[in-house]
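The values are calculated or read from the model by the stated rules, or taken from the named source; none is laboratory data. The shown structure was predicted, so the numbers you read here are calculated from the model rather than taken from an experiment. All Cβ positions, glycine included, derive from the backbone under ideal geometry; neighbour counts span all protein chains shown.
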Amino acid sequence: MAHLRWWQRATFYQIYPRSFADGNGDGIGDFVGMLAKLDYLQSLGVDALWLSPHFPSPNADMGYDVSDYTGVAPEYGTLDDFRRFLDGAHARGMRVLLDLVLNHTSEQHPWFVESRSSRDNPKRDWYVWRDPAPDGGPPNNWNSAFGGSAWEFDPPTGQYYYHFFFKQQPDLNWRNPEVKQAMWQAVRFWLDMGVDGFRLDAIGTIFEDPAYPNHTSKLSQIEMLRAWRENRSPEEQQALMAEFMDMFKHQFGRPEVHDLMKELRALLDEYPGDRVLIGEDDDVAYYGNGDDELHLVFNFPLMRTNRLTPAWVRANQAERLSKLPPGAWPCNTLGNHDSTRLWSAFGDGQHDAEIARVNAALLLTLRGTPVLYNGEEIGMTDLLLERFDQLRDNQAINLYHFAVGEGISPDEAMRMAARMTRDRCRTPMQWANAPNAGFSPPGVQTWLPVNPNYAQGVNVADQDGDPNSMLNFYRRLLALRKRTPALMAGDYVPVNEEAQDYLAFLRRDEDSGQICLVVLNMSAQFREARFTLPWPSARCLFSSHGHEGETAHLSALRLAPFEIFIGELTHGRA
Ligand code: GLC
Ligand code: CA
């Protein structure tokens, strides 16, 4: 384990700044609030904090439309507040990663304001401008991933600009070396300050096919939008994903991205302290040769289902681990600010609490760096918004208008929007059983409604002292992971692969000689797991059913419904 780098040992925790803690009582999270919660994060046992964008932004995409890459949004505080937060995290042994949005800026970024001002402005070529098609329409039939055409007409100069996401997010032209220089300067600004790395937003979309060919997909916009966040069966989701990918095939995944990532990696490597890059993409190709592009690439395929079954996890691990280049380190996650919350995503409606625990145990025992999403550790759930005026996510607002335009009733359109909106997982963190869940002072209107289930125990204060709470379950698992070399460093060896109801695997660490057996009963049934391993018994290190310290006989391991068993087979070198 000694050879592992900090980001291989670490558990990462995503903070959504807008919803974490409101320090000045205006209903919006901020750095003063985040600073005050650092002790909590330390007590949880996480090692690195990734912040969703904290930069100045008109918030057409909640911070993912950046208007100043080296600033702090005024609602989140000042650069000094940021520095205090960074120092506070470092003082507690936690690292800080920022969100780096390379593909696009805000339409209000001074670069774009200049670029659109005239055809011969020196920054014209910093973005992707094209003449209209002969009929005056958009240059081609490409879509925006968020709905509608990917091209927006700009009357003053008579050209269209390209945007993969919202029209308020014009794509930068990364083929222009000045763009790169300007962005690398911003990257250095934060690295010089001591930031430990970046989560890279939407890297796949940085380059487009330079020939701009039309796509030939038949997938309709409404179908695409509906499918985007709905709960569908894994098969349906996969089929749609394939069609979706086909529709966008000229707009992402270009080979040019790899050269750019290599350049960024080389820039980071100039700095001391082992700074790290995590990529928002499925594609293991962004690991490069295993040591020359990104350090970590999210294993998103794992979470692309509505039920994490043993078969699903085995297939995912078999595929993912075999595809990694030598030396590459996996990175697993089960939720973020764009997805259904872990609790709501994989439950069966009857045993959601048990399933959430089994899935958390999965995330924290698989091989690779786990990334948690704030609130998951107290079992926060999605909130289904009821009224149109509560929506903040423009994706859902656009979907609503589009659906109504297609003749769908406003009520039905609202239900669709509520199901798909990313707002549902972005509601304020629930700190206490108090008005506004302790996120903001009483009487303040928070930027998104607080989930009322804070009053039913889904809050930090109530769970803090309860040994059986979700929070203390996460704390126990995180502490176990930290002191158990096999769980941190070990390889992954599936066993009893024919079992339908439970997942079992070994984690074997060569250095320490430690081998652990993880058994997760993913069903509501009592089961007996029979192992034929070279070791007849295991010492239980972690149990959801109070068996810690006991010796378990592996010829017939009794499992209660949703039981979690982590046992040690060997300890130290034989
Ligand atoms: C990423 C972000 C998402 C954002 C998009 C455009 O997918 O996670 O929130 O809307 O990029 O920046
Ligand atoms: Ca605030």
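Structure above, values below:
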read-out: Residue within the range 22-39 that is within 16 Å of ligand 1 (Cβ to nearest atom), of a type in the set (Phe, Trp, Tyr) and not in a loop (DSSP other than H, G, I, E, B) present; value: no
read-out: Any strands (runs of 3 or more DSSP E) falling wholly within the range 464-574 and containing at least 1 residues that are of a type in the set (Phe, Trp, Tyr) and surrounded by 15 or more Cβ atoms within 10 Å (Cβ to Cβ); value: 491-495, 502-508, 537-543, 564-570
read-out: In the range 523-544, the residues that are within 26 Å of LEU478 (Cβ to Cβ) and either among the charged types (D, E, K, R) or touching a residue at least 40 places away in the same chain (Cβ under 8 Å) (or both); value: ARG539, LEU541, PHE542, SER544
read-out: The range 423-444 residues that are in the same structural domain as ASN374 (by TED's automatic domain parsing), paired with ones that are polar (S, T, N, Q) (beta carbon under 6 Å, 6 or more apart); value: none
read-out: Test result for LEU97, part of a helix (DSSP H, G or I), of a type in the set (A, V, I, L, M), in the same structural domain as LEU296 (by TED's automatic domain parsing) and under 21 Å from the mean Cα position of the chain (by Cα); value: no
read-out: Flag if THR484 is within 24 Å of ARG9 (Cβ to Cβ) and either β-branched (Val, Ile, Thr) or out of contact with any Phe, Trp or Tyr (no Cβ under 9 Å at 6 or more places or on another chain) (or both); value: yes
read-out: Within the range 245-272, tally of residues that are in a loop (DSSP other than H, G, I, E, B) and either of a type in the set (A, V, I, L, M, F, W, C) or loosely packed, with under 13 Cβ neighbours inside 10 Å (or both); value: 5
read-out: Tabulated pairs, the range 71-83, first assigned by TED's automatic domain parsing to the domain that holds ASP196 and on the phi > 0 side of the Ramachandran plot, second within 16 Å of ligand 1 (Cβ to nearest atom) and not in a helix (DSSP H, G or I), C-beta under 9 angstrom, 6+ apart or interchain; value: GLY77/HIS54
read-out: Subset tally (residues that are over 22 Å from GLY23 (Cα atoms) and more than 11 Å from ligand 1 (Cβ to nearest atom)) for the range 57-69; value: 3
read-out: Any hit, the range 322-334, residues being farther than 26 Å from VAL495 by Cα and surrounded by 15 or more Cβ atoms within 10 Å (Cβ to Cβ); value: no
read-out: Residue in the range 310-318 that is aliphatic (A, V, I, L, M), in a helix (DSSP H, G or I) and either at positive phi or crowded, with 23+ Cβ neighbours inside 10 Å (or both) present; value: no
read-out: When residues of the range 22-54 are limited to those that are hydrophobic (A, V, I, L, M, F, W, C) and within 16 Å of ligand 2 (Cβ to nearest atom), the one nearest to ARG481 (Cα to Cα); value: LEU51
read-out: Filtered residues of the range 4-18 (kept if within 30 Å of MET488 (Cα to Cα), within 15 Å of ligand 1 (Cβ to nearest atom) and assigned to a helix (DSSP H, G or I)); value: PRO17
read-out: Some residue of the range 441-461 being closer than 30 Å to TRP7 by Cβ and part of a loop (DSSP other than H, G, I, E, B); value: no
read-out: Subset tally (residues that are basic (Lys, Arg) and more than 16 Å from ligand 2 (Cβ to nearest atom)) for the range 1-21; value: 2
